[in-house]
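Encoded as structure tokens, the structure appears first; notes follow it.
The values are calculated or read from the model by the stated rules, or taken from the named source; none is laboratory data. Computed from a predicted model, the values in this text were never measured in an experiment. Here the Cβ positions follow ideal geometry from the backbone for every residue, glycine too, while neighbour counts run over all protein chains shown. All accessible areas refer to the heavy atoms of the entire protein, side chains included, with ligands and DNA or RNA removed. Shrake-Rupley method; radii C 1.70, N 1.55, O 1.52, S 1.80 Å.
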Amino acid sequence: MVKTFKRNVMKMFRELLVYHHSSLEYRAKILTLMISANGEICECEKQKLKEIAYSIYGDDQDRAELLIDTVNEYHMKITTNNGLNFEHLIQLVQKETKEVKRFCKKIDMAYLMQLHECMDNEDDILFQKRIIEFLQNLKDECKV
């Protein structure tokens, strides 16, 4: 009960309560791009997302859970058309990457490829490859 309350408060006020919340949200946006490519989150993607979150924030379980919650929140906004759509998310990622150069380091292709392994539909595979190419290009632009 207390843990659920704490997680809900952290989600609602993450901009005030979470250290480097913008970094966490940027990572969540990138992961959401991959997960939301086919419009739904399958069990494989849920498991991979959990593994990725705990790999990134292994020493901070609360932060890893907050990353997962944030990805789910962004995905829900996209699927319910609640103020965010897929194209807008792509634009946000592109804008934030160009404005905050340190975010380029947050684009980890190994993690994205783990999520890519979950796809089985050819159209979804192709769409995710395009997303990966887009993110790789963003990362390469930052190095220049």
Self-check item: Residues located in the range 134-144, provided they are open to solvent by 50 Å² or more (accessible area, probe 1.4 Å) and more than 16 Å from the chain's Cα centre (by Cα)
Solution: ASN137, ASP140, GLU141, LYS143, VAL144
Exercise. Can you tell me which residue within the range 34-64, out of those that are under 18 Å from SER22 (Cβ atoms) and in a helix (DSSP H, G or I), is most open to solvent (accessible area, probe 1.4 Å)?
Key: ASP62
Quiz prompt | Residue within the range 68-82 that is open to solvent by 50 Å² or more (accessible area, probe 1.4 Å) and of a type in the set (Ser, Thr, Tyr) present | solution = yes
Exercise. Output the number of residues of the range 103-122 satisfying the condition of being touching a residue at least 40 places away in the same chain (Cβ under 8 Å) and over 15 Å from the mean Cα position of the chain (by Cα).
Key: 4
Quiz prompt | Filtered residues of the range 124-144 (kept if out of contact with any helix residue (DSSP H, G or I) (no Cβ under 8 Å at 6 or more places or on another chain) and of a type outside the set (Lys, Arg)) | solution = LEU126, GLU133, ASN137, ASP140, VAL144
Self-check item: Residue among ARG27, ARG102 that alone is open to solvent by 70 Å² or more (accessible area, probe 1.4 Å), under 29 Å from LYS143 (Cβ atoms), assigned to a helix (DSSP H, G or I) and modelled with pLDDT of 85 or more
Solution: ARG102
Practice problem: Kindly provide the set of residues from the range 71-121 that are polar (S, T, N, Q) and over 24 Å from TYR54 (Cα atoms), ordered by number. | Solution: THR79, THR80, ASN81, ASN82, ASN85, GLN91, GLN94, ASN121
Exercise. Could you please give the count of residues in the range 125-144 that are modelled with pLDDT under 85 and either within 24 Å of ALA53 (Cβ to Cβ) or assigned to a helix (DSSP H, G or I) (or both)?
Key: 2
Quiz item: Within the range 87-96, can one find any residue that is open to solvent by less than 20 Å² (accessible area, probe 1.4 Å) and in a helix (DSSP H, G or I)?
Solution: yes
